[in-house]
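Colleague: Sharing a structure with you now.
The values are calculated or read from the model by the stated rules, or taken from the named source; none is laboratory data. As the structure is a computational prediction, the values presented were derived from the model and not from experiment. FYI the Cβ positions are ideal-geometry reconstructions off the backbone, even for glycines, and counts take in every protein chain you see. Side chains are part of the model used for accessible areas, which takes the heavy atoms of the whole protein and leaves out ligands, DNA and RNA. Shrake-Rupley method; radii C 1.70, N 1.55, O 1.52, S 1.80 Å.
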Amino acid sequence: MKLATRNNNTRDGQLLIVSRDLKRATEAQAATTLQAAMDEWATLSPKLIAEYDALNADDSAGFDFDESACTSPLPRSPQWLDGSAYVNHVELVRKARNAEMPPSFWEDPLMYQGGSDTFLRPHEPIHMETTDWGIDMEAETAVILDDVPMGLKKERTLDYVRLIMLVNDVSLRGLIPQELGKGFGFLQSKPSSSFSPVAVTPDELGDNWNNGKVTLPINVDLNDKPLGRANAGIDMTFNFGKLIEHAAKTRPLCAGTIIGSGTISNKGKDGGPGKPIDEGGLGYSCLAEERMVETILEGKPRTPFMQFGDNVKIWMEDENGNSIFGLINQDVEQYNAPA
């Protein structure tokens, strides 16, 4: 099943059923919002699936699906938790500043709690006051959960994954060091994230949802030039089962909780840092990683962070080249704060 939320100028939007090919949609009848569906998933999902099957069975049903009219599938969420499942990315961060990585990082995932009261629409500009803050994208996969009991072990946590989507976890690299230096974690350096127009049930991915991993490349273009083609199923040290177990260790998770994978990052063919696409590599899912590799190899970074006027696109395709989740398509624009 594929679901989206149309912007109707309310906080939670209108839930849409979207056809498998992302060409058509209908307003959901069983639930008006995705959060309402998440709250009563056991009861409502069979009705939503019936609506989805009916839409796909009738080529004349519904209306043209417009991704640009969508909010993120959940315009706001009870909770947004972002992991760092690709330890290769963390290792490069520390190597670039000549710091040893604690062995525990390979066994215990990093995770932060981000702001979930507002998410950007997938085609909404990234507004920032200044580029001095180091504006960066982070292309990730994410899952939306049903109610998860506290203390549930990783062998069972995947049973609570209801939907999968993509993320652009917008990050302000210039603000991160000072915030982390305070010892309390991210706040200002992690503004509103955006999610793909469409969220899909795991069965839509078939064999590409495997052991709690999405085993397909994630595409990242910057100003219409390929930046990243890393495979989300490769070099993922912690699958979503482990990330959910980590998040639920000391508290239950409410239906509608979103957990992100962290920046998707692949090693190079030789086991070292990945190479840019124009050098035969898979590129990078964020600019920070490209800058870290430049620092490791050349002594300093030469790639700038995003500037006003830049555009980032993030999407994922199946083996036949069909878009699965729709397109995250965002321009970077200057924000003028209220007087």
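Colleague: Can you figure out the FRET efficiency of K249 with D207, using R₀ = 35 Å and their beta-carbon distance, to the nearest 0.05?
Modeller: Here the calculated transfer efficiency is 0.70.
Colleague: Please work out the ratio of the alpha-carbon Rg of the range 114-194 to 2.2 N^0.38 Å and round it to two decimals. Don't skip to the answer; put the middle values down first.
Modeller: Numbers: Rg = 15.5 Å, N = 81, 2.2 N^0.38 = 11.7 Å.
It is 1.33.
Colleague: Another question, then. Roughly how many whole Å is it from the C-alpha centroid of the range 22-51 to that of the range 233-274?
Modeller: That distance is 27 Å.
Colleague: Beyond a 23 Å Cα-Cα separation, which of these cross-linked pairs lie in this structure: K213/K267; K154/K190; K95/K275; K47/K242; K225/K267? Spell out each step's value before the answer.
Modeller: Details: K213/K267 17 Å; K154/K190 27 Å; K95/K275 16 Å; K47/K242 31 Å; K225/K267 21 Å.
K154/K190; K47/K242, as the Cα separations exceed 23 Å there.
Colleague: Moving on to the next point. Is any residue of the range 100-130 close enough, with backbone N under 19 Å, to a label point placed 7 angstrom from the Cα of D12 along the Cα-Cβ axis, and if so, which?
Modeller: Residues 116-121 fall inside that zone.
Colleague: P(r) tail for the range 62-144, what percent of Cα pairs lie past 19 Å? Let's see the in-between values first.
Modeller: Working: 1978 of 3403 pairs.
Summing the P(r) of the range 62-144 above 19 Å gives 58 percent of all pairs.
Colleague: How big is the equivalent ellipsoid of the range 96-248 along its three axes, where each semi-axis is √(5λ) from the Cα gyration tensor, reported in whole Å from largest to smallest?
Modeller: Values: eigenvalues 134, 88, 55 Å².
Semi-axes, largest first: 26, 21, 17 Å.
Colleague: Stokes-Einstein diffusion coefficient for the range 267-338 at 25 °C in a medium of 0.890 mPa s, Rh from the Kirkwood formula over Cα pairs: what value in µm²/s? If you can, show how the numbers build up before the last one.
Modeller: Values: Rh = 14.7 Å.
Approximately 167 µm²/s, per Stokes-Einstein.
Colleague: Taking the 0 to 90 degree range and rounding to the nearest ten, how far is the long axis of helix 41-57 tilted relative to the main principal axis of the chain, both from C-alpha atoms?
Modeller: Approximately 80 degrees, to the nearest ten.
Colleague: Follow-up. Among P78, P103, P197, which one shows the biggest mean-square fluctuation in a GNM of the chain, springs joining Cα atoms closer than 10 Å?
Modeller: P103
Colleague: Rounded to the nearest 10 degrees, what's the angle between the helix 287-298 long axis and the longest principal axis of the chain, both from Cα atoms, 0 to 90?
Modeller: Value to nearest ten degrees: 30.
Colleague: Express the accessible area of the chain per residue in Å², computed with a 1.4 Å probe while the remaining protein chains stay in the model.
Modeller: Value returned for the chain: 45 Å² of accessible area per residue.
Colleague: Semi-axes, largest first, in whole Å: what does sqrt of 5 times each Cα gyration tensor eigenvalue give for the range 4-75?
Modeller: Working: eigenvalues 66, 55, 12 Å².
They are 18, 17, 8 Å, listed largest first.
Colleague: A further question on this structure: Give the Rg/Rh ratio for the range 25-164, taking Rg as the radius of gyration of the Cα atoms and Rh as the Kirkwood radius, to two decimals. Numbers along the way, then the final one.
Modeller: Numbers: Rg = 19.5 Å, Rh = 18.8 Å.
Over the Cα atoms of the range 25-164, Rg/Rh equals 1.04.
Colleague: If amide H atoms are built 1.01 Å from N in the plane of the peptide, which residues on other chains or at least 5 residues away come under 5 Å of the amide H of L216?
Modeller: Placed amide hydrogens put A232, G233 under 5 Å from L216.
Colleague: Just how far, in whole angstrom, is the range 308-336 from the range 158-210 if you go by their alpha carbon centroids?
Modeller: 15 Å
Colleague: On the protein heavy atoms, probe 1.4 angstrom, tell me the percent of accessible surface of the range 175-295 carried by carbon and sulfur. Working shown, then result.
Modeller: Values: 2500 of 4960 Å².
Solvent-exposed carbon and sulfur of the range 175-295 make up 50 percent of the total.
Colleague: When the chain is treated as a GNM, springs tying every alpha-carbon pair under 10 Å, which of Q29, Q14, Q178 comes out with the largest mean-square fluctuation?
Modeller: Comparing Q29, Q14, Q178 in a Gaussian network model of the chain, the most mobile one is Q178.
Colleague: Tell me the angle of helix 87-96 to the major Cα principal axis of the chain, expressed in degrees between 0 and 90 and rounded to the nearest ten.
Modeller: Result, in degrees: 30.
Colleague: Rg to Rh ratio, the range 186-339, alpha-carbon atoms and Kirkwood radius? Intermediate results must be reported in sequence, preceding the final value.
Modeller: Working: Rg = 17.2 Å, Rh = 17.5 Å.
With Rh from the inverse mean 1/r over Cα pairs, Rg/Rh is 0.98.
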